[in-house]
Structures are given as structure tokens and as C-alpha cells.
Amino acid sequence: MPSIRNLKTFLAVARLGSFVGAGNEIGLTAAAVGLQIRALEAELHQQLFDRSGRSIVLNTAGRSMVAPMVDLVARYDALAAPPEGESLSGKLVMGALVSALMGAFADALLALTSQHPGLEVKLFAGLSADFTRLVERGELDAAVVAQPPFRLPASLVWTPLYVEPMVLVVPRQPRFAIADGPLQILRASPFLRFDRQAWTGHLVDQALAQAGVKVREGMELNSVEAILALVRQGFGVSIVPKLANVQWSRDRALRAIALPGVDVQRQVGLLERREHGRGRVTAAIKDYFAAR
């Protein structure tokens, strides 16, 4: 049976894409990493990576191994974990929208790590759609994402955590003539649109449809933070989720305005596999929001 050490090495190579990077993370030379990978492949009687020069890429067999190996390693690590009800510990590898770290999830993360000092949370920032694949493959234990606009694979489950209303954001010092009233502002001003292909972009389309407004298309971006920065500089207006930890009323460069007749909200939730080795930690995250 393959050793846990070799499984952990395999997961490091799969995540980082190189023997050197994996070796730097786990404290081995690239040559030692290569020996462990070859030993693992010999034990499993199949090649797990496609090799070409210095590049190494997971092949079909290797990709199919990621999720079960993540679970095996997590279950092994759980053997040394405290009994149920005691402090959580170990590493949780998560993905999160950057905007979620400006929202209510940041408070949950602070509370969880303060209560459980032995818990190490490793966060990767990105887009909701990208995290779905990574969670399904076991490269992430879980991810904080917007509600998926499509049916998830049977192996995944999404649990709602909190909601953020979609609001109009307007610069206090615009570089264009500003109209009176939110719908008139939205209709007449340069519009900075969230990426149509992103999950939050679908919500912007819903808000515009409810408002019954055709906007003057400007730039299209895939980051709430970038949109807010451009609005603050007076380049246009936008519709974004009203992030929980942003001091909107004290912002000297922009205003957040509710759109009449629009009740679209972004639901933010936890995406995870139905069964995985870090279930106690993700349960604690869900319990935090359930108690609010």
C-alpha cells in the first residue's frame, strides 16, 4: 500500500505543477520528490503524470486520483485529531471570492481561527466557476462562492451562508453629468459591467431586467474590487453586491443606492464534496452563520 508520505508528495506536485515547487513546500529536493512519485506510480501500476522535458502535468489517471487521495490523507490526519467537541486543528485548504473576504465570511474566519488556534486555513482567491472544478477534484476542501446558476454534480453540495443585496454604486465626483434618481443615473451614465460569464454577472443581468433599464455599456470586469476602484475615480456607475465589511456610508468617493423595484440578492455559500475529511471544520463554518 502506498505510504501517506508519497500521497502527500503526489498532492503537492499535482497542486504546484512541478517537482521543484513541491519540494520547496514539503522540504525535499526535486530529485527526492521524483523518486517518491515514481515509487507511487510503481505501487499503483500506472503513470500519473505526463512528462515532457521539465514540465509535468497530471494525466487522466492522475486527475482521477486527486480527490480520493485528498480524502485518504485527511482521514489519516484525522486519526490524530481531538475527539468530537474539542478544538479543531490541522490544515483547511479553501477557495474564496476576494469579495467574500470583504464580506461576512471574513468575520467567520476570524472567529473560527480565534476559537481554534490549532487550525490553519490556507486560502486561494479566485472566481466561483473555477473553484467548482477544484473542489470536485479534491484540490480544495471547500470554497466560499456565489450560488451556482446551474445544477451541481451529484458529488458536490452548496450550503447558503448569507445574502448581499445588489445595489447601484455611484461616484461622488463623477467625470460625467449625473442625472437625478437612481434609474435615471443608471440609464444615462457610463456603466461598468461585471463579467457576463461570471456567476455574479448573471445577477447583474437580473437586476437590470427588473429595473427595466438599458444601460450605456462601458468596460466589463471580473472583479468587484476593480469596479469599485473605477467608480471611486469617477469613471462610471455599476451594480455590485453590497459587501458586508465595506463602510459604505462613510465612503467619501462613492454612494451605494438601492434600486427601486429591484430585489435581486447575491447568495454566498459554502461549496464542498458530500463526503470529505474536513467535514468538522466546514460544519463549524456553517454553524457560525446558522447562529447569526
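Table for the structure above
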item	result
Condition met for F131 (closer than 22 Å to M69 by Cβ and not assigned by TED's automatic domain parsing to the domain that holds A14)	yes
Failed item, numbered, when M1 is tested on (1) within 23 Å of R75 (Cβ to Cβ); (2) exposed (fewer than 15 other Cβ atoms within 10 Å of the Cβ); (3) modelled with pLDDT of 85 or more	(3)
Residue within region 141-152 that is at pLDDT below 90, closer than 30 Å to S3 by Cα and of a type in the set (D, E, K, R) present	no
From L48, L44, residue being without any contact (Cβ under 8 Å) to a residue 40 or more places away in the chain and over 24 Å from L92 (Cβ atoms)	L48
Single residue of V281, V262, V268, V215 found to be under 19 Å from G103 (Cβ atoms) and at pLDDT 90 or above	V268
Residues of region 220-245 satisfying the condition of being assigned to a loop (DSSP other than H, G, I, E, B), in contact with a strand residue (DSSP E or B) (Cβ under 8 Å, 6 or more places away or on another chain) and farther than 21 Å from G181 by Cα	N222, L243, A244
Options S89, S114; residue that is surrounded by 14 or more Cβ atoms within 10 Å (Cβ to Cβ), farther than 24 Å from T200 by Cα and not assigned by TED's automatic domain parsing to the domain that holds D251	S89
Lone qualifier among V33, V66, V20 - being in contact with a Lys or Arg (Cβ under 8 Å, 6 or more places away or on another chain), farther than 30 Å from P165 by Cα, at pLDDT 85 or above and not assigned by TED's automatic domain parsing to the domain that holds K242	V66
Qualifying positions in region 249-261 - under 25 Å from L127 (Cα atoms) and surrounded by fewer than 14 Cβ atoms within 10 Å (Cβ to Cβ)	none
Hits in region 262-281 - residues which are closer than 23 Å to L168 by Cα, among the charged types (D, E, K, R) and part of a loop (DSSP other than H, G, I, E, B)	D263
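The values are calculated or read from the model by the stated rules, or taken from the named source; none is laboratory data. Quick caveat, the model's predicted, so the values are computed rather than measured. For neighbour counting, all protein chains shown are included, and Cβ atoms are generated from backbone atoms with ideal geometry for every residue, glycine included.
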